[in-house]
Amino acid sequence: MLKSYLYIICRVGLITIVMFALLSLFSCRENESNQISGVVTDMSTGEPVGNAKVKFEITEIMQGSYNSAFSFFKETYTDSEGKFLIEFESRNFVKMRLEFSKDDYHSIYSTFEPEGVSSDYVVNGVIPKKSFISVKVHNAYPNNPDDVVKIRLQNINPECNVCCNSDYRFFYGAFVDTSFVCKVVGGDYITVNYISIHQEQSNVVESQVYCTPGDTVMFNCYY
């Protein structure tokens with residue numbers, strides 16, 4: 001009889017220990033830090049970019065209200081191999097966003113949503129070298145109200161989602177004297193194409209332009 005009691009006590013004690021261990025494991029998992037890791041590389045060369053800033057922003061539900069504006073949460077920098085790691089505790093995040101930036105590069109963003117209470121995320125950043133093109137548009141004398149020109153920039157790296165697209169821009173009328181600026185990828189060649197009708201004469205021009213890293217390239221569209 002004594003052996004039976006001792007056996008039961010041991011079984012109960014063992015079950016209690018196991019349950020306590022499981023509860024502790026789940027509790028730790030609830031409070032475990034989530035991780036966001038990745039590598040930042042140069043868009044043109046594919047080489048890792050060291051000392052790039054990675055800023056972590058979030059939208060969340062606070063006191064029952066949702067604010068859709070992103071707010072700063074945490075930041076870090078990449079190492080010499082372009083790698084980064086951000087750890088954080090779970091909260092009522094609705095959306096998360098990383099901003100990748102560095103001097104002489106255009107900043108880019110990557111937005112994603114939480115996957116669970118404890119999740120690890122891999123988000124890589126591909127950043128383009130900074131460069132701009134300024135296009136001067138001028139309708140030369142003599143001119144008339146029916147003059148028109150359409151301009152577009154082609155062969156811009158499609159990975160650059162902060163750069164200009166290749167849609168035509170239209171300018172109408174006799175007196176056109178304006179300019180526009182576009183973000184482009186430094187070190188790339190792009191094509192400026194414009195078609196004009198001036199004094200009832202049509203003209204097509206296509207020019208290749210080198211985008212100097214860290215600088216603004218000037219292009220004149222005189223028609």
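The values are calculated or read from the model by the stated rules, or taken from the named source; none is laboratory data. Every value quoted in this text rests on a predicted model; they were computed, and no experiment measured them. Backbone-built Cβ (ideal geometry, glycine too); neighbour counts: all protein chains shown.
If we scan segment 139-146, do we find a residue that is at pLDDT 95 or above, surrounded by 15 or more Cβ atoms within 10 Å (Cβ to Cβ) and within 30 Å of N203 (Cα to Cα)? Yes, segment 139-146 contains at least one residue that is at pLDDT 95 or above, surrounded by 15 or more Cβ atoms within 10 Å (Cβ to Cβ) and within 30 Å of N203 (Cα to Cα). Collect the residues in segment 106-121 that are at pLDDT 90 or above, assigned to a loop (DSSP other than H, G, I, E, B) and not small (G, A, S), keeping them in residue-number order. Selection gives H106, E113, P114.
Taking residues in segment 87-103 that are within 10 Å of N34 (Cα to Cα), and partners anywhere that are part of a loop (DSSP other than H, G, I, E, B), the pairs with Cβ atoms closer than 7 Å and at least 6 places apart or on different chains are E87/S33; F88/S33; E89/S33; S90/V117; S90/S118. Enumerate the pairs (first residue in segment 191-214 and within 15 Å of D146 (Cβ to Cβ); second residue anywhere and β-branched (V, I, T) and surrounded by fewer than 16 Cβ atoms within 10 Å (Cβ to Cβ)) with beta-carbon separation below 7 Å, excluding pairs fewer than 6 apart on the same chain, so at least 6 apart or on different chains. Pairs that qualify, where the first residue is within 15 Å of D146 (Cβ to Cβ) and the partner is β-branched (V, I, T) and surrounded by fewer than 16 Cβ atoms within 10 Å (Cβ to Cβ), are I195/V204. Annotation note: Cβ proximity below 6 Å between a residue of segment 63-78 that is closer than 15 Å to L98 by Cα and a residue that is of a type in the set (K, R) (sequence gap 6+ or interchain) occurs for F70/R97; E75/K55; Y77/K53.
Considering every residue within segment 11-22, establish whether at least one is within 19 Å of N124 (Cβ to Cβ) and either at pLDDT 50 or above or surrounded by fewer than 14 Cβ atoms within 10 Å (Cβ to Cβ) (or both). Scanning segment 11-22, I find no residue that is within 19 Å of N124 (Cβ to Cβ) and either at pLDDT 50 or above or surrounded by fewer than 14 Cβ atoms within 10 Å (Cβ to Cβ) (or both), so the answer is no. Screening the candidates G125, G116 for the property of being in contact with a strand residue (DSSP E or B) (Cβ under 7 Å, 6 or more places away or on another chain) and small (G, A, S) yields one hit, G125. Criterion applied to N161, N157 was being in a loop (DSSP other than H, G, I, E, B), modelled with pLDDT under 95 and within 23 Å of the chain's Cα centre (by Cα), and the one residue passing it is N161.
None of E81, E99, E60 is part of a strand (DSSP E or B) and either crowded, with 19+ Cβ neighbours inside 10 Å or at pLDDT 95 or above (or both) except E99. Among the residues of segment 175-201, those that are exposed (fewer than 13 other Cβ atoms within 10 Å of the Cβ), modelled with pLDDT of 95 or more and not aromatic (F, W, Y) comprise D177, T178, V181.
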